[in-house]
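Undergrad: Please read through the structure below; I'll follow up with questions.
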Amino acid sequence: IKEWVYFYIAPVGSLFLILCTWGVIPSIFFYLSWFYSVLFALVILGLGVYMIMVAGWSSKSKYRLIGSIRSIAITLRYEICMAIVFLSPVFLINNLSLNIFNHYYLNCMLYTSSIVMWIMCILAECNRAPFDIVEAESELVSGFNIEYRSSEFVLLFMREYSRLLILSSIASLLFIRVSYYGSIYIFSLITFYRSVYPRYRYDHLMQLTWLYLLPLSILLLIFSSVCYYL
């Protein structure tokens, strides 16, 4: 297969993967949510890294390749923390379906502090300020999407904002207990971060993951396991 085929497959495939994640959000379409919806959401969110890798490799551009490498490094690190935070209430409830979270309001209130870690992971995953290292215009000329134009460029941005919306919906479902109106609250917090905090350096962003977020998320997972057995 020619490289230009992968060049056009990457934005379409990335948007398709994100749209598949909407099937696990509890709504009027209950038949789309099954017992393993948590694992399905984590797998689909993890597959988005491959689309970015294909987009950076197929462009034959130095700036896009650097932007894709940065995006893969950030996404892998913060997806680990996000998955651990995601699994902490799952361990406490002992159920892998997102529908069951509506019946455990009092137990999940223990994890209201972890919403800060989740929002930081959302900001890094979706390249939002102050963690917009992947698309730092002053450094990488818009990052890994510099060679795309027209409809392909629109698909990439639809993928980015769809990912932001799906992660905000999951956060509101886990911590605020409302699937839709809580997303507005998450978006307001994201706007607050963009207005207040300056952009992080790349090495500081990596240190924030390994030195702070990852140990705290592991402690949260251990705490949820202990609470379940007690």
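The values are calculated or read from the model by the stated rules, or taken from the named source; none is laboratory data. Keep in mind the model is a prediction, meaning the values are calculated, not measured. Neighbour counts run over all protein chains shown; Cβ positions are idealised from the backbone, glycine included. When the accessible area is computed, the model is the full protein with side chains, heavy atoms only, and any ligands, DNA or RNA have been set aside. Shrake-Rupley method; radii C 1.70, N 1.55, O 1.52, S 1.80 Å.
Undergrad: Every residue in the range 53-86 that is over 14 Å from the mean Cα position of the chain (by Cα) and open to solvent by less than 40 Å² (accessible area, probe 1.4 Å), please. Spell out how you get there, then give the answer.
TA: First, the residues of the range 53-86 that are over 14 Å from the mean Cα position of the chain (by Cα): 53-70.
Correct list: 54, 55, 56, 58, 59, 61, 64, 67, 68.
Undergrad: OK, next. Within the set of pairs 6+ apart or on separate chains, which have a first residue in the range 203-230 that is more than 11 Å from residue 81 (Cα to Cα), a second that is among the hydroxyl-bearing types (Ser, Thr, Tyr) and open to solvent by less than 30 Å² (accessible area, probe 1.4 Å), and C-beta atoms under 6 Å apart?
TA: Every condition considered, the pairs that remain are 224/88.
Undergrad: Ok, one more. Select from the range 177-230 the residues that are hydrophobic (A, V, I, L, M, F, W, C), open to solvent by less than 100 Å² (accessible area, probe 1.4 Å) and modelled with pLDDT under 75 and list them in ascending order.
TA: 178, 186, 187, 189, 190, 196
Undergrad: Within the range 87-99, count every residue that is over 14 Å from residue 214 (Cβ atoms) and open to solvent by less than 10 Å² (accessible area, probe 1.4 Å).
TA: 3
Undergrad: A further question follows. Considering each of 37, 58 in turn, give the residue that is within 21 Å of residue 20 (Cα to Cα), at pLDDT 80 or above and polar (S, T, N, Q).
TA: Within the list 37, 58, the selection yields 37.
Undergrad: In this structure, is residue 10 open to solvent by less than 70 Å² (accessible area, probe 1.4 Å), at pLDDT 80 or above, touching a Pro at 6+ places or on another chain (Cβ under 8 Å) and over 28 Å from residue 172 (Cβ atoms)?
TA: In short, no.
Undergrad: Also, I was wondering about something else. Got a sec? Which helices (runs of 4 or more DSSP H) wholly within the range 71-166 have at least 1 residues that are at pLDDT below 75 and among the hydroxyl-bearing types (Ser, Thr, Tyr)?
TA: Ranges flagged: 105-108, 137-140.
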